[in-house]
Amino acid sequence: MLKIEVKEGERIERAIKRYRRKHRDTKVKEKIRERQAYKKPSTRRREQLQKARYKQQYLLEQEK
């Protein structure tokens with residue numbers, strides 16, 4: 001559970017912004033979506049490999 005303490009004299013909008021940033025950085029939404037349906041371990045590995053290949057190809061294209 002995320003906790004955000006509103007500091008003395010801080011506007012509530014700023015505290016909400018900090019909460020949203022912290023929420024995004026902890027990847028809570030991604031974890032919830034991932035747990036909605038079961039994925040076989042082989043499928044997860046395949047997706048990771050595809051993602052790694054894409055990143056590798058992208059970085060090589062950027063160097064050219």
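The values are calculated or read from the model by the stated rules, or taken from the named source; none is laboratory data. This is a predicted model, so every value here is computed, not measured. Positions of Cβ are backbone-derived with ideal geometry, glycine not excepted, and every protein chain shown enters the neighbour counts. When the accessible area is computed, the model is the full protein with side chains, heavy atoms only, and any ligands, DNA or RNA have been set aside. Shrake-Rupley method; radii C 1.70, N 1.55, O 1.52, S 1.80 Å.
When only the Cβ of Lys, Arg, Asp and Glu is charged (+1, +1, -1, -1), the dipole of the chain relative to its Cα centre reaches about 320 debye.
Applying 1/(1 + (r/R0)^6) with R0 = 25 Å to the Cβ-Cβ distance of residue 28 and residue 56, what FRET efficiency is obtained, to the nearest 0.05?
Values: r = 29 Å, r/R0 = 1.14.
Efficiency at R0 = 25 Å is approximately 0.30.
Per-residue 3J(HN,Hα) values for the stretch 29-45, derived from phi via the Karplus relation 6.51 cos²θ - 1.76 cosθ + 1.60 with θ = phi - 60°, read 4, 5, 5, 5, 5, 5, 7, 5, 9, 6, 10, 5, x, 5, 5, 5, 4 Hz in sequence order (x marks Gly and Pro). Dipole orientation for the chain: of the candidates 9, 54, 32, 32 has the Cα lying most toward the positive pole (charges on Cβ; Lys, Arg +1; Asp, Glu -1). Computed from phi, the 3J(HN,Hα) profile of the stretch 14-26 under the Karplus parametrisation 6.51, -1.76, 1.60 (θ = phi - 60°) reads 5, 5, 5, 5, 5, 4, 4, 5, 5, 4, 5, 5, 7 Hz, with x in place of Gly and Pro. When shorter helices are ignored and each DSSP H run of at least 4 residues is given -39500 (n - 2.57), the per-residue value for the chain at 222 nm works out to -23000 deg cm²/dmol. Surface exposure of the chain, expressed per residue as accessible area with a 1.4 Å probe, stands at 108 Å². Checking the cross-link pairs 3/31; 17/51; 3/29 against a 25 Å limit on the alpha carbon distance flags 17/51 as lying beyond it.
In the set [x] 1.21; [y] 0.92; [z] 1.02, the label that goes with Rg/Rh (Cα atoms, Kirkwood Rh) computed for this structure is [x].
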